[in-house]
């Protein structure tokens with residue numbers, strides 16, 4: 001049966017290519033930056049409604065959300081950033097699935113580094129360019145195309161397909177958290193983030209930290225009368241590097257075999273001192289700590305605090321002036337589903353059927369909203385999608401259109417077998 | 001003779017104490033920050049004129065100044081920042097002397113760290129508080145009091161006394177440079193910066209540098225795909241520390257014996273990266289390099305460039321991405337006069353006469369405008385004044401009023417003997 005369906009799906013998708021590329025252009029041209037998602041979300045809601053899905057567009061709010069331990073966001077009100085869910089109701093008796101993707105995109109950054117306008121959606125040599133093309137409007141399109149294609153072929157599924165177009169993923173997942181709190185759950189979830197079509201049953205979580213390293217000011221000409229927070233921060237950076245080594249030594253999961261550092265700790269920002277000829281009395285470091293799929297975030301926090309406390313053994317300065325540790329900003333919950341979870345197995349099969357080779361199965365080096373779905377919604381989430389992370393968040397972000405159609409084909413076949421075929425009208 | 005004069009000068013100064021303290025309050029209450037010096041300079045000019053000095057108040061300008069190799073300043077026009085010079089003409093036949101002090105003060109910084117308003121001029125327990133009290137309005141007052149006291153005693157000197165109230169010292173000496181270009185020269189100069197009444201025949205020069213350390217950006221979750229400019233900057237900081245060691249190993253001058261690091265290199269500012277979960281592709285370091293009294297600044301610059309170039313031997317990254325070195329901002333020319341220079345010898349004698357102990361003779365750990373006077377104006381400059389550098393540039397800056405009067409006494413005696421007594425009318 002699969003072979004036959006695959007051919008029909010493939011043929012149908014070929015007919016959709018041009019319209020689908022135009023749709024992605026339209027989506028990319030909407031700069032759905034944080035706080036500006038409404039226009040695109042309303043377009044998506046209209047489309048889902050036109051496809052016959054039960055559409056739910058709402059602005060998240062309320063204490064249950066805002067005071068939830070997993071809520072992280074730089075803002076508290078979301079009027080311009082509604083969530084959208086469309087449910088393609090099944091006939092009953094089948095397994096349900098959530099297709100979860102985010103519409104929020106990160107800022108364009110330095111526009112001079114872009115060859116075109118950051119929101120051009122221009123297509124060249126089979127690539128569509130623009131902020132959000134890969135992360136992750138291309139993946140969202142693949143999911144939508146899967147539903148549309150099955151509908152075009154007259155398919156009815158037994159299980160529900162719940163298409164989620166959420167906000168706030170780039171800030172830590174408040175959109176998906178709100179969808180969970182609104183009651184959306186399923187037997188499994190697919191998150192079509194740009195995995196370069198690798199299957200990620202496990203995903204690294206991460207959280208941001210800020211360190212304040214103290215010094216004592218003095219004139220640079222008599223710098224020995226002070227204590228340089230810049231010099232002390234070198235020791236802190238080294239201590240964090242040692243902690244990273246120690247934590248990664250423990251990761252023996254073969255899914256991480258190809259990653260040089262499975263759960264990195266990245267110090268991304270350093271800032272200290274105010275005057276070239278003064279000794280700096282404060283350096284602030286900001287970074288991102290990776291959290292292993294099976295690890296509790298609180299446990300990772302504890303390890304960081306302990307590593308910083310151990311600095312006092314190396315240098316008595318830190319005994320009297322301990323490094324201040326703050327967890328701030330974004331946070332992504334790690335997630336893990338069994339490698340032999342039925343959806344992981346099914347995805348491998350449909351991948352082989354469409355692509356003709358064995359898929360790569362790895363653990364993701366970054367977090368997605370899949371962690372929240374797995375951990376909070378009892379909805380095991382697998383991350384798999386078109387596009388490559390190397391271009392996400394960078395100038396000249398693009399996606400290969402072919403990979404979107406390949407993924408859509410895999411998704412359609414997967415839905416068919418996961419949710420079950422109810423009837424065929426074609 | 002000295003003993004007799006000393007007693008008269010001392011007695012006269014005791015009568016001046018209250019009025020002098022009020023005058024310093026008045027000066028400190030004028031926030032003569034960079035670009036705001038005019039009101040105070042006009043007050044000082046009026047006072048000098050009232051004392052019968054030939055007063056020269058002018059706004060520095062012109063290509064000779066602005067294109068001079070020793071000109072450094074963040075600005076190019078100085079309308080609100082006139083220089084003031086007052087000449088107490090001698091009767092002829094004596095040695096002339098410049099008394100050089102700056103009126104510009106550094107910013108107050110965080111006002112919350114001050115117990116009083118930063119420009120309060122409040123007096124408590126014999127200390128006068130406020131930005132500029134020590135650096136260096138107290139020293140300027142001591143110089144002015146020396147002239148005033150001699151005048152009150154009816155003294156006429158043979159040599160000229162040239163009182164200079166300059167701007168721009170804190171930015172590298174453009175005010176003194178302009179005074180030199182205007183033709184002011186003398187047989188020697190006294191710079192009453194806060195030396196805690198140590199005599200500094202030699203003074204460290206210094207100059208500011210900026211280093212740009214390159215990296216390659218990547219997502220923090222796959223940080224091994226990038227190169228952290230923060231990690232690379234650790235190596236740069238270490239290389240600069242090694243250069244500092246190497247340069248200080250060569251300093252054998254006994255005047256530096258008590259200083260742990262005679263010519264420090266201070267990295268005072270570090271800044272890099274933009275996002276906690278990205279690998280930083282650029283770190284900027286800003287610092288101050290000390291220059292030895294007898295050293296050419298160009299030679300010191302060459303050593304810094306070479307030390308940075310040697311980084312490529314340690315880490316091939318630097319071969320392809322060399323650290324960029326820029327000399328910017330402030331610069332103070334080093335200076336040295338012989339330890340047996342007549343003014344140095346005379347200052348020791350008058351110090352002993354007034355204080356009763358041997359003065360400490362050291363090399364200064366920071367630059368002053370004395371370097372320019374020595375190097376460009378053929379006017380050997382000795383730095384000696386009241387106040388302690390530990391409180392300069394910091395909150396709650398203050399000066400012990402007693403030290404101002406002690407210095408004024410030493411200065412008056414020094415002027416008397418340096419310039420020579422012409423007549424006595426008292």
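Counts of other chain beta carbons within 10 angstrom of each beta carbon in peptide A:209-221 average 4. Computing FRET efficiency as 1/(1 + (r/R0)^6) for residue A:339 and residue A:319, where r is the C-beta to C-beta distance and R0 is 41 Å, gives about 0.35. Counting only DSSP beta bridges with both residues in chain B, tell me the antiparallel percent, nearest 5. Counting only bridges with both partners in chain B, antiparallel ones make up about 75 percent. Expressed as a fraction of 2.2 N^0.38 Å, the C-alpha radius of gyration for the range B:307-351 is 2.34.
With the cut-off at 1.5 for a/c, could you classify the range B:160-210 from its C-alpha gyration tensor as rounded, prolate or oblate? Please list the in-between numbers first.
Values: a/c = 1.97, a/b = 1.13, b/c = 1.74.
It comes out oblate by the Cα gyration axes.
For chain A, the longest principal axis of the alpha carbon atoms and the long axis of helix A:2-29 meet at an angle near 50°.
Look at the stretch B:103-109: the mean tally of other chain Cβ atoms within 10 Å of its residues' Cβ atoms is 1.
Let me have the 222 nm mean residue ellipticity of chain A computed from DSSP H runs of 4+ only, each contributing -39500 (n - 2.57), with the sum over all residues rounded to the nearest 500. Present the calculation step by step, with values, prior to reporting the outcome.
Values: 12 runs with 150 residues, N = 426.
Only helices count here, giving -11000 deg cm²/dmol.
If you average the sequence gap of Cα pairs under 8 Å that are 6 or more apart and divide by the length of chain A, what percent do you get for the contact order? Mind showing how you got there, number by number?
Numbers: 986 pairs, mean separation 110.0, N = 426.
It comes to 26 percent, rounded to a whole number.
Report, for residue B:67, each distance to the same residue's label point in the other copies, shortest first and in nm; define the point 7 Å along Cα→Cβ. Sorted ascending, the copy-to-copy spacings read 7.2 nm.
Using only Cα atoms, locate the centre of the range B:302-350 and the centre of the range A:2-80, then give the distance between them in Å, rounded to an integer. Cα centroid to Cα centroid, the span is 60 Å.
Beta bridges from DSSP with both residues in the protein assembly as shown: antiparallel share about 75 percent, rounded to the nearest 5. Take each peptide in B:91-98, B:107-114, count the other Cβ atoms within 10 Å of every residue, and average; sorted highest first, the result is B:91-98, B:107-114.
Once the Cα atoms of helix A:342-355 and of chain A are each reduced to a long axis, what angle between those two axes, in degrees from 0 to 90 to the nearest 10, is obtained? Around 70 degrees separate the two axes.
The long axis of helix B:229-249 is offset from the longest Cα principal axis of chain B by roughly 40 degrees. Three principal axis extents of the protein assembly as shown based on alpha-carbon atoms, in descending order, are 125, 48, 46 Å. From largest to smallest, the equivalent ellipsoid semi-axes obtained for the range B:205-332 from the alpha-carbon gyration tensor read 31, 14, 12 Å. Distance between the C-alpha centres of the range B:123-181 and the range A:264-290: 41 Å, rounded to the whole angstrom.
Taking the mean number of other Cβ atoms within 10 Å as a proxy for protection, how do you rank B:317-323, B:192-198, B:137-143 from highest to lowest? Provide the component values of the computation, followed by the final result.
On the way: B:317-323: 16.7, B:192-198: 23.1, B:137-143: 29.0.
Descending mean neighbour count gives B:137-143, B:192-198, B:317-323.
For a test of the definition: using alpha carbon positions, the gyration tensor, and the 1.5 limit on a/c, classify the range B:1-155 as rounded, prolate or oblate. Don't skip to the end; give the middle numbers.
Values: a/c = 2.33, a/b = 1.16, b/c = 2.01.
Oblate, because a/c is 1.5 or more while a/b does not exceed b/c.
Relative to the other identical copies, residue B:327 shows label-point distances of 5.0 nm, where the label point lies 7 Å from Cα along the Cβ direction and values run shortest first. According to the square roots a ≥ b ≥ c of the eigenvalues of the Cα gyration tensor, what is the shape class of chain A, taking rounded for a/c under 1.5, prolate for a/b larger than b/c otherwise, and oblate for the remainder? Taking the square roots of the gyration eigenvalues as a ≥ b ≥ c, chain A is prolate.
Shielding of peptide B:277-285 by partners, expressed as the average count of other chain Cβ atoms within 10 Å per residue Cβ, is 4.
Values in this text are rule-based calculations from the coordinates and carry no lab data. No experiment lies behind these values; they were computed from the predicted model shown. Glycine gets a Cβ as well: all are built from the backbone with ideal geometry, and neighbour counts include every protein chain shown.
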